[in-house]
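Here's the structure we're looking at; comments come further down.
The values are calculated or read from the model by the stated rules, or taken from the named source; none is laboratory data. Quantities reported herein were computed from a predicted structural model and do not represent experimental measurements. When we count neighbours, we look across all protein chains shown, and the Cβ atoms used for this are built from the backbone with ideal geometry, even at glycine. These accessible areas exclude ligands, DNA and RNA; they are computed on the full protein's heavy atoms, side chains included. Shrake-Rupley method; radii C 1.70, N 1.55, O 1.52, S 1.80 Å.
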Amino acid sequence: MTVDQSLAFAVIGLMMAFFIWGRFRYDIIGCCALMLAVAVGIVPYDKAFTGFSDDIVIIVASALIVSAGVARSGLVDAAIERYLPRLGSVRGQLLILVVLVTVLSAFIKNIGALAIMMPVAFQFARRSNIQPSRFLMPMAFGALLGGLMTQIGTSPNIVVSRVRQELTGESFTMFDFTPVGATLALVGTIFLMFAYKLVPERVSQQFSIEEAIEISNYASEAAIPAGSPFVGKSLSAMLKASDGEAIATSVIRKAQHKTPLPDVILEADDIVLLEGSPLALDRVVSQAKLKLSGDRSPSGTKPGVEVEAVEAVIGSDSPLAGMSATRLALFNAHNINLLAVSRQGQRIKERLGSLKLQVGDILVLQGARTELPGFLQEFGCLPLAQREILLGTIRRAYLPLLVLFAAMGSTAVGILPVPIAFFAAALAMVVLRVIPLRDVYRSVDGPILVMLAALIPVSDSLRTTGGTDVIAQWLGGVATQLPPMGALALILLAAMAVTPFLNNAATVLVMAPIAASFATALGYRPEAFLMAVAIGAGCDFLTPIGHQCNTLVMGPGGYRFSDYPRLGLPLSLVIVLVSVPALAYVWPL
């Protein structure tokens, strides 16, 4: 072993130790590892920052933006309310999430399948009052398992098919991977249903001061248009969308207030006075297709000017105190909509237009982003910490899903490579105003991307210094001393161990020729060994850096580096124990 090879192993080993220790944040550790690798000479100066242009960084960043666009569409809430209204068990929710991600990943890019289902996981977590971390890591592992089932499910399957064709003249077909892959997916899913509690319940790394703001008694009013799906249905049916977080304080019909009994049948043009958090109110308004009474498009704004909603407190010297929105002519005179009001310790049962505002009231105001600061200053209102307020925003309905499906379809048929397709999808989310410009960079998890970019050249040093050749020679020597099943297990374990430090396709290119050569030398057929390499390369359950699916959930789940082996190590052992006899049975040695 040369000095450079020893240094590469030492830097990576030291980096892994710091990750497991968890004393410092993962992006800082990644950057320090990069600088150390440059200092000792195993990463050249001109290659130090190549990770920032790597496809994986682009794919993860784009997938986060696309997932945020799908979440904002409101379709996730509507689908859960329609198809899974009573699913309250955490294990039942996890089963739905993992099965859907696993099946989708067999036929579409697994990071795309994960991006589709992540917003559903967030909604389930909110409904069950748990952290999303309970769901996200099992879903990421399910996405990896699903990719094992078909030739197009994951890159290692495609590469190993090419290697087999070069070696034997015959490639693996689309469903040659299915018998073993489906078995592993089934066993892995069952394991995750019982072992998911090994994942610690973490708080998202993206938690900010805005999430500490809890205002659950906003009063708002909305009219029921003729096209609402809840015309002719009961008030309680409409409020189900809020999961008990919003109530009706009155129903106004033909200027007459009606008691908001649960069995009141709603009619077109009824006005419902609602109370709840902004998120709960938004779910009711968007799913019932209601029209907020104050929600009118601000006029006079130039094309491209963003309209947003902010929360603000009426200050002690504010001229708004004692005035009503109607008297102030907020919309006509100031181009501002009053969407909701919260008053400490008091339930508001008046219509917003006639309500006399008081010092200390918290308002949700909507207007052009360029005009709101001037209005708040003029009228003595103090803005709260800015957070996303979806109430009153225009939803693009099916547009985000169409964009995502177009991206995944273009990669499936080979029109576009994955990074280009997902980057184009993320750009489309912005251009089509699915996501406001101000929220784009909030959707991207900066520390995760920095960690990835820093670690790519560090991990690649194992290859450039010849460290992978050392591993290959050792494997070849040890495998010849083992029985067939032992050699098969060794190849599988080696591929699992190497893939975090190479991308999974590179792992196949390094390991497959080794596996095939000693299989031939020992008189075995190469197919089972090639399949073992593909399975090992596609099953990185031990780190967040070996596969983009693991990386994608790290920030939103608030995971630490050391959290992945807690669930991933026993799952890896299960995969090895099931894979070896399954491979030997399906592909006789």
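Relative to the longest principal axis of the chain, what angle (0 to 90°, nearest 10) does the C-alpha long axis of helix 548-557 take?
40
Relative to the present Cα-Cα distance, how much length would full extension add between R369 and R126 at 0.36 nm per residue of separation? List each step's numbers first, then the result.
Working: separation 243, 0.36 × 243 = 87.48 nm, distance 2.96 nm.
Length difference between fully extended and current span is 84.5 nm.
Probe 1.4 Å, all protein chains in place: accessible area of W21 in Å², nearest 10?
150
At 1.4 Å probe size, put H257, H334, H547 in order of accessible surface, largest to smallest. Write down the numbers at each step before the final one.
Values: H257 115, H334 55, H547 15 Å².
Most to least solvent-accessible, the answer reads H257, H334, H547.
Kindly express, to the nearest 10 degrees and within the range 0 to 90, the angle between helix 90-105's C-alpha long axis and the longest C-alpha principal axis of the chain.
That helix lies at roughly 60 degrees to the long axis.
Using a 1.4 Å probe on the protein heavy atoms, what percent of the accessible area of the chain belongs to carbon and sulfur?
Numbers: 15310 of 24880 Å².
Carbon-and-sulfur percentage of accessible area, whole number: 62.
Let's test this: bin the Cα-Cα distances of the range 442-589 at 5 Å from zero up to the farthest pair and state each bin's percent.
2, 10, 18, 20, 18, 14, 9, 6, 3, 1, 0, 0
Give the residues of the range 466-498 whose amide nitrogen is closer than 14 Å to a point set 7 Å from the Cα of V40 in the direction of its Cβ.
Residues 466-467 fall inside that zone.
Largest first and in whole Å, what are the equivalent-ellipsoid semi-axes of the chain based on the Cα gyration tensor, each being the root of 5 times an eigenvalue?
Whole-Å semi-axes of the equivalent ellipsoid: 53, 26, 19.
Points 7 angstrom from Cα along the Cβ direction at I252 and Y585: gap in nanometres?
Those two pseudo-labels are separated by 6.9 nm.
Skip the ligands, DNA and RNA, and give the accessible area per residue of the chain with a 1.4 Å probe, whole Å². It would help to have the intermediate numbers written out before the result.
Details: 24880 Å² over 589 residues.
Result: 42 Å² of accessible area for each residue.
Can you return the lysines within cross-link range of K349? Criterion is Cα-Cα under 17 Å, with same-chain partners fewer than 8 residues away left out.
K254, K258
Please work out how much accessible surface C32 shows to a 1.4 Å probe, ignoring ligands, DNA and RNA, in Å² rounded to 10.
80
How big is D, in µm² s⁻¹, for the range 226-289 by Stokes-Einstein at 20 °C and 1.002 mPa s if Rh is the Kirkwood radius over C-alpha pairs?
Working: Rh = 11.6 Å.
The Stokes-Einstein estimate is 185 µm²/s.
Put a dot 7 Å past each Cα toward the Cβ at S53 and T326; how far apart are the dots in nm?
Result: 6.4 nm between the two label points.
What are the semi-axes of the equivalent ellipsoid of the range 307-368, taken as the square roots of 5 times the eigenvalues of the Cα gyration tensor, listed largest first and rounded to whole Å? Write down the numbers at each step before the final one.
Details: eigenvalues 58, 33, 29 Å².
Whole-Å semi-axes of the equivalent ellipsoid: 17, 13, 12.
Separation between the K289 and C31 pseudo-spin-labels, each 7 Å from Cα along Cα→Cβ, expressed in nm?
Calculated label separation equals 5.0 nm.
Per-residue ellipticity at 222 nm for the chain, helices alone: DSSP H runs ≥ 4 residues times -39500 (n - 2.57), over residue total, nearest 500 deg cm²/dmol? Could the numbers behind the result be given before it?
Working: 24 runs with 319 residues, N = 589.
Calculated from helices alone, the mean residue ellipticity at 222 nm is -17500 deg cm²/dmol.
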